[in-house]
Amino acid sequence: MDLVVRGGTVVTATSTYQADIGIEGDRIVSIGRSLSAPIVLDATDKYVLPGAIDPHVHMELSLGDITSSDTFATGSIAAACGGVTTLIDFAQSRRGRSLLDTLAERRGLAGSQVAVDYALHVAVLDATPATLAEIPQVIALGCPTFKLYMAYADSWLDDGQLLAVLRAIGEAGGSALVHCENHHVIQELTTRYRAQRKLEPRFHPLTRPALMEGEATARLIDLAQLADCPVTIAHVSCRESLRAIQEAQRRGQRVRGETCPQYLGLTEQEYLRPGFQGAKFVMSPPLRTRADQEALWGALTRGELHWVATDHCPFLYHGQKTRGLEDFSLIPGGVPGVETRLALLHQWGVGKGKLSLTQWVALCCANPARHLGLANKGDIAVGLDADLVVFDPRRRVTLQARQLHQHVDYTPYEGLEVTGYPQHVLSRGEPIVEDGEFVGQAGRGKFVMRKMRG
Ligand code: MN
Ligand code: MN
């Protein structure tokens, strides 16, 4: 053995126990008592978790003339400092472009920069015969999950296209992750508010009502049933969406749900902040109500929602968000979060008695691995990748943009004090974070081939 993580409380999605973890090369080779090795990492009074997985992030996402502010290097270093050892980003370009070319290009951009392991979902933006024919080839390259959009001018698919794409994905043995909102309704409402000169950030959520997120979710689920394709509803924010998911699950359909920390801990009140401050919270779907938050927490504990991702998509407040100073519809949508999820879910979930330790690990580590085809990640067991987080449940940290590693000039959680924070992180046996600081190298991360389980 090369290294032992000694004396910690091991927490997995199924159990909590005292043990040492022995590592050789990049794998876990032993779990037991009194293990020894040349290098010992002391985890006394700490939790030892599987490396967290963030299955929904957008590093250097290009939206025409504006690009999300984290590169694969800065974003993955921030992820590591937050206890994340695997990211799933998106290969996405434009309608008419080959999925295979898009995937190769994205791997080229990410590969030389990522500090942790990564995988890619592939966005399908049209339903041409050429695109549908590439779906099985993309799956063979280790990307069995496809992102589909029901909103955004450059990416939405109509119902016929959704049906065709879902059918092709289902037949090829893949699954879809879908952004469910109603494109045409958003456009009509946006036009209406602009015509009335209602241009401040607080009008953003009014153009994207929960009612229509629920409508799109239900419509997508019905199309997926017709197409016989397993689907995950991305970033579920509201009760309307949740109801559609619950109903489908009751009738036995393969429908999963994802939510994000921002929907669990923030509300639409943020849009009423003075001046332009509400722009920091402009994202889609928008923040909702306290009642929606409570419903989302309940669904997480009952297993109706399967994981918590971040939808990390940072834009600088000064210079990027401010593009929409005169018109909320020009504010680039998205919030940073890849670095803060594990600590926030510990604080709000475990700390407030909403989640057990094992549920916390299931939602941040094990479930994304299991449901998205990361066979060697998300658990602590002999033979798996030695991706581990030593988490100090007593460490107090006040979240501040200037202390986080994300390349963005604000955090939605500025000033929030959390008790419990990642201390050390190992990625395939290699220490990449020590005492909260990144000690690894950009570019060391590997592309992970994924395969869906039956
Ligand atoms: Mn989305
Ligand atoms: Mn997204």
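Where a number appears in this text, it was derived from the coordinates with a stated rule and is not lab data. Computed from a prediction, not measured in an experiment: that's the story for all the values here. Backbone-built Cβ (ideal geometry, glycine too); neighbour counts: all protein chains shown.
Derived scalar couplings between HN and Hα for the range 232-241 equal 10, 7, 6, 5, 5, 10, 9, 5, 4, 5 Hz in order, rounded to whole Hz, by the Karplus curve 6.51 cos²θ - 1.76 cosθ + 1.60 (θ = phi - 60°), x for Gly and Pro. Computed extension gain for His318 through Ser98, at 0.36 nm per residue and net of the alpha carbon distance, reaches 75.7 nm. Note on Val40 and Arg273: the model spin-label points, each 7 Å out from Cα along the C-beta direction, lie 4.7 nm apart. Against the chain, whose longest principal axis is taken from its Cα atoms, helix 183-195 shows a tilt of about 70°. Hydrodynamic estimate: the Kirkwood radius of the range 1-157 over Cα pairs, inserted into Stokes-Einstein at 25 °C and 0.890 mPa s, corresponds to D of 136 µm²/s.
Placing +1 on the Cβ of every Lys and Arg and -1 on the Cβ of every Asp and Glu, with nothing else charged, gives the chain a dipole about its Cα centre of roughly 720 debye. Within the set of other residues whose C-beta is less than 14 Å from the C-beta of Glu326, count the net charge using Lys and Arg as +1 and Asp and Glu as -1. Spelling it out: positives minus negatives among the neighbours equals +3. With the simple model of a label 7 Å out from the Cα in the direction of the Cβ, Arg254 to Arg396 spans 4.8 nm. Measure out, as a whole number of angstrom, how far apart the alpha-carbon centroids of the range 377-454 and the range 226-278 sit. Centre-to-centre distance over Cα atoms comes out at 25 Å.
Taking a Cβ cut-off of under 9 Å around Arg370, the surrounding Lys, Arg, Asp and Glu residues balance to a net charge of 0, with basic ones at +1 and acidic ones at -1. Normalising the average separation of contacting C-alpha pairs (under 8 angstrom, six or more residues apart) by the number of residues puts the relative contact order of the range 303-452 at 22 percent. Plainly put, the chain has a radius of gyration that is 0.95 times its Kirkwood radius, both from alpha-carbon atoms, as the Rg/Rh ratio. Close amide-amide hydrogen proximity is noted between Glu24 and Asp2, Val29, each under 5 Å apart and 5 or more residues distant or on a separate chain (H modeled in the peptide plane; Pro and chain starts excluded). Around the amide H of His121, modelled in the peptide plane, lie the amide H atoms of Asp89, Phe90, Ala91, all under 5 Å away and 5 or more residues distant in sequence or on another chain. Note down the net charge around Ser36, summing +1 for each Lys or Arg and -1 for each Asp or Glu among other residues with Cβ under 12 Å from its Cβ. Around Ser36, the surrounding residues sum to 0.
Taking the Cα centroid of the range 36-82 and of the range 126-155, what is the distance between the two, rounded to the nearest whole Å? Result: 26 Å between the Cα centres. Annotation: extensible slack from Glu326 through Ala133 equals 65.1 nm (criterion: 0.36 nm per residue apart, minus Cα-Cα distance). Each residue, Ala195 and Lys446, gets one label point 7 Å from its Cα in the Cβ direction; the gap between the two is 5.7 nm.
From helices alone, the chain scores -8500 deg cm²/dmol at 222 nm; the rule is -39500 (n - 2.57) for each run of n ≥ 4 DSSP H residues, then divide by the residue total. Antiparallel DSSP bridges in the chain: what percent, to the nearest 5? The antiparallel proportion sits near 50 percent. Here Glu294 and Ala375 are evaluated by their C-beta separation; at R0 = 41 Å the FRET efficiency comes out at 0.75.
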